[in-house]
Amino acid sequence: MNIAIGNDHAGTEYKYALLEALQKQGYKVVNHGTDSAESVDYPDFVHPVAQSVDQKVSDLGILICGTGNGVSMTANKYQNVRAALCWNKEIAELARQHNNANIVSIPARFVSLHECLEIVNTFVATSFEGGRHKRRVEKIKIA
Ligand code: RB5
């Protein structure tokens, strides 16, 4: 599975922990985020991840900022992206099962590193259930 990851300065520390954990599990992860704690503008680091998922170069994406909102808003401008703001593993599981979310957005300032790892591990390991949820997901697009 190919995964794209992106973050602003609020997510750098968690990004490194996620890279290590995911690579250990054999996932191929491409890092598009900032690698420093210096203040940056989150959209600059979201667009490459969202483009990669939109164009199906990556199967899934991970985005991290302080609240998870800025990165979600940016990513969801792309037609084929369904970015879900997830603050615990149950939400992450349902975002995959019911919404077929293909990007998980993490609010780094509101979850612990342990919770962040749980959220991402659950997200990448869970599949879309299809069925009635497929019909609903197909109705999300507006054009
Ligand atoms: C950066 O201070 C913060 O605004 C950003 O990480 C994010 O929370 C935006 O939505």
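The values are calculated or read from the model by the stated rules, or taken from the named source; none is laboratory data. Not measured: the values here are computed from a predicted model. Using ideal geometry, Cβ is built from the backbone for each residue, glycine included, and neighbour counts are taken over all protein chains shown. SASA here: full protein model, heavy atoms, side chains in, ligands and nucleic acids out. Shrake-Rupley method; radii C 1.70, N 1.55, O 1.52, S 1.80 Å.
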Condition check for C86: open to solvent by less than 10 Å² (accessible area, probe 1.4 Å), away from the ligand (no atom under 13 Å from the Cβ) and under 15 Å from A21 (Cβ atoms): no
Among (1) open to solvent by less than 20 Å² (accessible area, probe 1.4 Å); (2) closer than 30 Å to R132 by Cα; (3) β-branched (V, I, T) - the single one V111 does not satisfy: (2)
Unmet criterion (only one of (1) within 14 Å of the ligand (Cβ to nearest atom); (2) open to solvent by 60 Å² or more (accessible area, probe 1.4 Å)) for R135: (1)
Residue within region 101-113 that is among the β-branched types (V, I, T), part of a helix (DSSP H, G or I) and under 15 Å from the mean Cα position of the chain (by Cα) present: no
So S58, is it in contact with a Ser or Thr (Cβ under 8 Å, 6 or more places away or on another chain) and away from the ligand (no atom under 16 Å from the Cβ): yes
Residue within region 92-100 that is away from the ligand (no atom under 11 Å from the Cβ) and open to solvent by less than 20 Å² (accessible area, probe 1.4 Å) present: yes
Subset of region 15-43 that is more than 12 Å from the ligand (Cβ to nearest atom) and of a type in the set (D, E, K, R) - its residue that is least open to solvent (accessible area, probe 1.4 Å): K15
V46, sole failed condition from (1) within 17 Å of L117 (Cβ to Cβ); (2) part of a helix (DSSP H, G or I); (3) open to solvent by less than 10 Å² (accessible area, probe 1.4 Å): (1)
